[in-house]
Each structure stands twice: as structure tokens, then as C-alpha cells.
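Just so you know, all these numbers are worked out from the coordinates, no wet-lab data involved. What you see is a predicted model, and the numbers here were worked out from it, not measured in a lab. Glycine gets a Cβ as well: all are built from the backbone with ideal geometry, and neighbour counts include every protein chain shown.
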């Protein structure tokens, strides 16, 4: 399984348009080689480089989406995909673009193929989602983008 973007390459910089310094809209994403036995897709976008004084676990979740149909070929720029958009770390049920407070951060766009649907309401967060996914992931793909603010405000 693969996840790519026409906006940036793996391990390269995410254009400012998709961050808090720009339009703060989601980049276009493309999915391919999804296994035939996939029942649903999950997308988790996270940043593991958050200063510990901001988040003790060092993690920030920018976008959580589950129960995307397995035939989903991607997510268009600035769009809401089919499925359930859960609560990100900021508490919004939406995409929240990169906005690192201190230095360059890595942003992991993780696509999971599951062998069952996720039975969670949109109010659920990352912990509930991870528990629901446990032992049901049949494939995973990852796209990493980088971002550093020009002026750390």
C-alpha cells in the first residue's frame, strides 16, 4: 500500500500553503495498492516532535479520519473525505496544518488498511482509535513531510 502527495515528496518540505502560515488546508493525498481484503481505511496525521513542555508525550495529532471506504483513491486538496473525522489534539474535527513552535518538525501521514470498520463516534480521539484498530491492521503506508516556520510566533 502507498500514500503519496502531488504537493510534496516523502521526507521533503510541506509547502506553507498547507500550514498555519498559509491557508491551513489539507494537501492532496493519493492512495494506491490497497489490499483487496480491506474493509476500511484510517488516516492519522501526527507530529512526534512537539516540545515536552507543550505535550508531555511529545505528540500532536493533526488529523484523524476513519471508516474511509476501501476504494478511496485519495483525498483532494482542501476537502473533507468520506468517513468519520475525529478530534485532533486541538479538539477540532478537521485538518490542522503544521505549526511547529520551535524548529523543524516531522509530519507523518499514516494510512492504515483494516479488516473491519471502526465503531467510534466522531467525538473519539486518538486513544480510542488506536484501541479500535488493535489487531485489525492488514497494511500500513507512510508519507513524511517536514516543516519549519520562518518566524516562530
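Which value, in nm² and rounded to one decimal, describes the direction-averaged projected area of the C-alpha convex hull of region 44-96?
4.1
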### Query
How would you rank 10, 105, going from fewest to most other Cβ atoms within 10 Å of each one's own Cβ?
10, 105
### Task
Give the peptides 94-102, 117-125 in descending order of average Cβ contacts within 10 Å, highest first.
94-102, 117-125
### Task
Run the quick spin-label model on residue 78 and residue 130: label points 7 Å from Cα toward the beta carbon, then report their separation in nm to one decimal.
3.4
### Descending principal axes extents, the chain, alpha-carbon based, whole Å
46, 32, 22
### Task
Would you mind ranking 134, 107 so that the residue whose beta carbon has the fewest other beta carbons within 10 Å leads the list?
134, 107
